[in-house]
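The values are calculated or read from the model by the stated rules, or taken from the named source; none is laboratory data. All of these numbers come straight from a predicted model, not from anything done at the bench. Please note: Cβ atoms are built from the backbone with ideal geometry, for glycine as well, and neighbour counts cover all protein chains shown.
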């Protein structure tokens, strides 16, 4: 159960991957007359930096999320949760439905995760190994979710580009990674992260994120649906963002162990 | 009285939301809870009070649990945890009982686990206060917390081993820095642990098929003294002895300031490690034998028979406990989670005395130090690891079980292991848990299969199986009884639970 909670906490990162800001300036319209001057070509590092800025570019965020896990046989189950995030580090996840209701998880960084367990009435530090567990049987795991900054731990190159997208290729700097490479498809106009593909060391695609339903949430654009799937089995998880607000003035104190256990 | 409480609870359910809506308080109130039905079946017939009785229903219970949090503003919360429990077994034993009171046919109880108010950051930002009825858990390990002494366990149901006896207390939390939390707790009145219904069997004599005395539980005396005690009965025809059910009286602390309890904790957090230093002054919450008397008198109704009454007294000795606990993720060891707890206990000495009388004549007397005043250690050390997406393992070593206090039984060593396997997107969970007493090899196993039918609705089927000998290897040695083998530990059962979380 603790492991499930941790992965849920890390969902934040996955959701952040789908983020796109309406305030992002639209690319300039080319002048109709003479041939336009060529836009300065962006380096892979610049593309990635713009993408990550979109993902974590708010003072704080609050999301109401529904996760639906689809079995290969078509059966499904859903859980609701609320996620609070401050900057690109602190986040708090509160489970609001199902058998995990009442459980809260505070993620400070990959090595500092605390969970409040209502059944035990205590806060417990979660060991890093627990980050490898899925949430309630979903397709999300810690290594997918804990990627706050790809730039820090991955080598980067531009694999290809087409009319609408950049395809970034990332390979891990550490041999400990479960993945041999990761591909991001980044929208050329908005720098939103559209797809992410994970490959194991045998070169097989093992996980896929697809972000869709670009929606206006109180003036901020965000992909409403993130579908995470295992291309090998067809097992998939859909994350629906039910509500999303930013810059609500969340206090730092909310993201503390003190807050996690107070008044429970 | 019980009905009135129940009515009040129902009124709370019904009126609170409407009142809240009327006053615009709805956003301040958070309600959650649980409905659970629990049916258990004894799967043996030799561990109960009567040999041959078993293979019957042990529990047929229904619980409704409500958790309410009322937050008028960010710095104030009132918390209520209530439980309405229906026991499921008829207690009426005569015809009038069927018409007198429905509670006898359908008994129930109302329990309040928490009812407290807490402030945060008032009057200073670094200060939190709590007052009222609450349940606290200190320590880093799972369940087996040696430094967790504020609330004793509620072992009425041994399977619900995380449940505790709530108590009224006052708590002050100070946050002088991000990495440091200081806590002080005052508990005015001592409350003892609840024991399983099987606990009195620890004092019961054993009889053979003819109802004749075959053995009696050794009191906490030396083997030689217990041998001498047995010799008194050896000269008597065991079939002539009528042993009454032992009477065990509690010698409770007085309700004085000096008998209140205090706890203090300094909790530190650095990088990948949390650790805490703790102190507790109070009483050991499990009963320790300190006085007993056996009185034999000729039966006035059965010529040739001798009635034997056994009266014992148990107490809750004072203790001071200095503790340390930590939890740590070891990056140098595959990110394994490591937890540890160490409690150094400074106990009040308890001297046990036993006297035997034949009529008014004292025929036997012995005393022994049951609990020496020398400090002793209880400890927990554990590791856990997630091997795969579907396999999690947790293993712990324990020095000292909950109820061990370095009395004549000693402090034993245990290994606790749990493996959790998940299938079908975590909708099926198989948990295999067990405890082994390393010293006497008695054990308890708890396999359990959980089916998440739909989020919030679970069905659990499992078993709680005790292993070990019901009789001690040496009937004269108090320490020779097997921890989980003895009848006092409880009965083996299978169970089915259905639980809905809202």
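Is there a residue in the range B:320-331 that is in a loop (DSSP other than H, G, I, E, B) and more than 14 Å from every other protein chain (Cβ to nearest Cβ)?
The answer is no, given that none of the residues of the range B:320-331 is in a loop (DSSP other than H, G, I, E, B) and more than 14 Å from every other protein chain (Cβ to nearest Cβ).
Can you name the strands (runs of 3 or more DSSP E) wholly within the range A:62-123 that have at least 2 residues being more than 19 Å from the chain's Cα centre (by Cα)?
In the range A:62-123, A:76-86, A:112-117 are the strands (runs of 3 or more DSSP E) which contain 2 or more residues that are more than 19 Å from the chain's Cα centre (by Cα).
Please pick out the residue among B:336, B:344 that is within 13 Å of chain A (Cβ to nearest Cβ) and either in contact with a helix residue (DSSP H, G or I) (Cβ under 8 Å, 6 or more places away or on another chain) or surrounded by fewer than 17 Cβ atoms within 10 Å (Cβ to Cβ) (or both).
The conditions single out B:336.
For the range B:357-366, does any single residue satisfy the condition of being more than 14 Å from chain A (Cβ to nearest Cβ) and over 30 Å from residue B:294 (Cβ atoms)?
no
Would you say residue A:202 is out of contact with any strand residue (DSSP E or B) (no Cβ under 9 Å at 6 or more places or on another chain) and at pLDDT below 90?
So residue A:202 does not fit the description; no.
Out of the range A:124-143, which residues are facing another protein chain (nearest Cβ under 8 Å), assigned to a loop (DSSP other than H, G, I, E, B) and modelled with pLDDT under 75?
Result: A:133, A:136, A:141.
Residue B:373: in a strand (DSSP E or B) and more than 14 Å from every other protein chain (Cβ to nearest Cβ), yes or no?
no
For the range A:52-62, check the following and say yes or no: at least one residue is in contact with a helix residue (DSSP H, G or I) (Cβ under 9 Å, 6 or more places away or on another chain), closer than 30 Å to residue B:458 by Cβ and surrounded by 22 or more Cβ atoms within 10 Å (Cβ to Cβ).
Within the range A:52-62 (the criterion being in contact with a helix residue (DSSP H, G or I) (Cβ under 9 Å, 6 or more places away or on another chain), closer than 30 Å to residue B:458 by Cβ and surrounded by 22 or more Cβ atoms within 10 Å (Cβ to Cβ)), the answer is no, since none of the residues qualifies.
Can we say residue B:470 is buried (at least 17 other Cβ atoms within 10 Å of the Cβ), touching a helix residue (DSSP H, G or I) at 6+ places or on another chain (Cβ under 7 Å), within 30 Å of residue B:230 (Cβ to Cβ) and at pLDDT below 95?
Taking the combined requirement at face value, the residue satisfies it.
Could you list all residues from the range B:121-136 that are more than 9 Å from chain A (Cβ to nearest Cβ), part of a loop (DSSP other than H, G, I, E, B) and in contact (Cβ under 8 Å) with a residue 12 or more places away in the chain?
Passing the criteria: B:122, B:126.
Which residues, taken from the range A:83-111, are more than 7 Å from every other protein chain (Cβ to nearest Cβ), more than 28 Å from residue B:81 (Cβ to Cβ) and surrounded by fewer than 24 Cβ atoms within 10 Å (Cβ to Cβ)?
Within the range A:83-111, A:86, A:87, A:88, A:89, A:90, A:108, A:109, A:110 meet the criteria.
Assess whether residue B:350 counts as being away from every other protein chain (no Cβ under 14 Å) and within 30 Å of residue B:296 (Cα to Cα).
Against the criterion (away from every other protein chain (no Cβ under 14 Å) and within 30 Å of residue B:296 (Cα to Cα)), residue B:350 qualifies.
Mind listing whichever residues of the range B:109-120 are surrounded by 16 or more Cβ atoms within 10 Å (Cβ to Cβ) and touching a residue at least 40 places away in the same chain (Cβ under 8 Å)?
The answer is B:110, B:113, B:114, B:118, B:119, B:120.
Considering each of A:222, A:208 in turn, give the residue that is more than 12 Å from every other protein chain (Cβ to nearest Cβ), touching a residue at least 24 places away in the same chain (Cβ under 8 Å) and surrounded by 16 or more Cβ atoms within 10 Å (Cβ to Cβ).
Step by step, each of A:222, A:208 is checked, and only A:222 is more than 12 Å from every other protein chain (Cβ to nearest Cβ), touching a residue at least 24 places away in the same chain (Cβ under 8 Å) and surrounded by 16 or more Cβ atoms within 10 Å (Cβ to Cβ).
Test residue B:392 against the criterion of being within 22 Å of residue A:126 (Cβ to Cβ), in contact with a helix residue (DSSP H, G or I) (Cβ under 8 Å, 6 or more places away or on another chain) and in a strand (DSSP E or B), and give yes or no.
Taking the combined requirement at face value, the residue satisfies it.
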